[in-house]
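Asker: This is the structure, below, for whatever I ask next.
The values are calculated or read from the model by the stated rules, or taken from the named source; none is laboratory data. Because the structure is predicted, anything quoted here is derived from the model rather than measured. Positions of Cβ are generated from backbone atoms using ideal geometry, with glycine treated the same way; all protein chains shown enter the neighbour counts.
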Amino acid sequence: MLRRRHFWRDVSFSEIGELYVSRVLRMVGIYLAAGFASVYLYKTGYSIEFILIYWAIFYFFKAFVLAYLSAKLASRIGPKHGILISNIIYIPSMIALGFVPSVGMGAIIVWGIFMSASSTLYDMCYMIDFSKIKNDKNAGKEIGFMNIFEKLAIGISPVVGGTIALFFGPQVIMWLAAVVAAASAMPLLKTSEPITIGQKLSLSGFPWRTIYRNLIAEVGVGFDVVATASIWGLFLVSVVFTGSGNEIYVKLGMLSSVTVATAVVISYVYGKVIDREKGKFLLRYSVILNGFVHASRPFAGGIMSVIYTNIANEIATTGISMSFMRGRFDTADVSGNRVGYLYLVEILVNFGAGLGALACLACVNIFGLQSGLPIFFFVTAVFVQLVGTSKFRIYR
């Protein structure tokens, strides 16, 4: 029935279905454990300053070393096989993270190297695959469905992971996450690669003038990612929920999961908005709302205020990510160099995330922990407006 209604597709429905299944399994594997990584290090005894320096090195290493290697590998072997390799090297990262309390710095270094390599290669290959097999006339809806499946996985995983951490210790969820993530590439290998393999990575003749503003906006995307994914959790555990034991993992898991219903509904609505050519409107006002959300984070002083903040953040960031992804994929199509463009995207997103970690470190060192983290969120509220300066061709 669906195939007859979407006769313009040049790939089978099984291909995008396989990507949906693979993405969900990957998100389950990651959010069983990775969502707690900063809190886990903090609870193990590492300082906020150490964690921020670590994240800065992590993201800059991804931007200036691993992005290039990942793009070259994806060009040579194809995105599906790249995802398989990324999942395999994810396993030692989670095993190493589980041994941090007993091994210390050595385990942290091993975790950082393998985790950064896995995430960079996966992000690159996922973007290449999805941008190639999406349907141009229905891309908003497909991005919406992908976002729904992601949010369901992200909503369930922290609760399961937090509960396991409470009863069996946080190390167990690290090892369980490795097993789940390892299996997530299996559905993709049923079909052939969506791009010509054996290509060489080159930026010769790249249309810089037409897309440089979109690339600059990616720095704001990365800044927002580190503020929401890492520093928000540190703020909650060090300022809002101080004195919590292992039950902090359950609290953070529940707080992440209460937004699932909002995410599912809003993803479907936003997909319709994008396909009705209102993506520019959605992106512009989502960026403004996101700024207000970051500015409100310092005033979260209890469970309910954190829940309201998370829901508002979900509404804003979903609008940004879906409309921005649609523009990013269209730019990849028209650039004439899909892998090259997404390679540059990976550099600038990770550069922005590393810049965010350094900005937070500066705020904490200058103003202290209790004042520095709130000030950082005010800085973030301003900096993320950079995302709204993008000029995607499809939204003109």
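Asker: For region 90-106, name all the residues that are of a type in the set (A, V, I, L, M) and surrounded by fewer than 18 Cβ atoms within 10 Å (Cβ to Cβ).
Answerer: Scanning region 90-106 gives VAL103, MET105.
Asker: Which residues, counting only those in region 268-290, are closer than 24 Å to ALA381 by Cβ, touching a residue at least 40 places away in the same chain (Cβ under 8 Å) and buried (at least 21 other Cβ atoms within 10 Å of the Cβ)?
Answerer: TYR270, GLY279, LEU282, LEU283, VAL287, ASN290 - these are the residues of region 268-290 that are closer than 24 Å to ALA381 by Cβ, touching a residue at least 40 places away in the same chain (Cβ under 8 Å) and buried (at least 21 other Cβ atoms within 10 Å of the Cβ).
Asker: Hey, PHE281 hits all of (1) of a type outside the set (Asp, Glu); (2) within 29 Å of PHE58 (Cβ to Cβ); (3) modelled with pLDDT of 85 or more but one; which does it fall short on?
Answerer: (2)
Asker: With respect to SER75, is the statement that it is buried (at least 22 other Cβ atoms within 10 Å of the Cβ) and in contact with a Lys or Arg (Cβ under 7 Å, 6 or more places away or on another chain) true?
Answerer: For SER75, the condition - buried (at least 22 other Cβ atoms within 10 Å of the Cβ) and in contact with a Lys or Arg (Cβ under 7 Å, 6 or more places away or on another chain) - is met.
Asker: Looking at region 379-396 only, could you name the residues that are hydrophobic (A, V, I, L, M, F, W, C) and part of a helix (DSSP H, G or I)?
Answerer: Correct list: VAL379, ALA381, VAL382, PHE383, VAL384, LEU386, VAL387, ILE394.
Asker: If I ask for residues that are polar (S, T, N, Q) and within 21 Å of the chain's Cα centre (by Cα), which ones from region 52-107 would you list?
Answerer: SER70, SER86, ASN87, SER93
Asker: Are any residues in region 326-338 surrounded by fewer than 22 Cβ atoms within 10 Å (Cβ to Cβ) and aliphatic (A, V, I, L, M), and if so, which ones?
Answerer: VAL334 - this is the single residue of region 326-338 that is surrounded by fewer than 22 Cβ atoms within 10 Å (Cβ to Cβ) and aliphatic (A, V, I, L, M).
Asker: Just to be sure before I move on: is PHE376 in a helix (DSSP H, G or I) and within 23 Å of ALA263 (Cβ to Cβ) in the structure I sent?
Answerer: So PHE376 fails the test.
Asker: Let me ask you something else. May I ask you to list the residues in region 268-309 that are farther than 25 Å from MET325 by Cα, in a helix (DSSP H, G or I) and not aromatic (Phe, Trp, Tyr)?
Answerer: Correct list: SER296, ARG297, PRO298, ILE303, MET304, SER305, VAL306, ILE307.
Asker: Okay, next question. Tell me which residues, restricted to region 291-305, are crowded, with 22+ Cβ neighbours inside 10 Å and not basic (Lys, Arg).
Answerer: Result: VAL293, HIS294.
Asker: Considering only residues of region 356-385 that are within 23 Å of the chain's Cα centre (by Cα) and among the β-branched types (Val, Ile, Thr), which is surrounded by the fewest Cβ atoms within 10 Å (Cβ to Cβ)?
Answerer: VAL382
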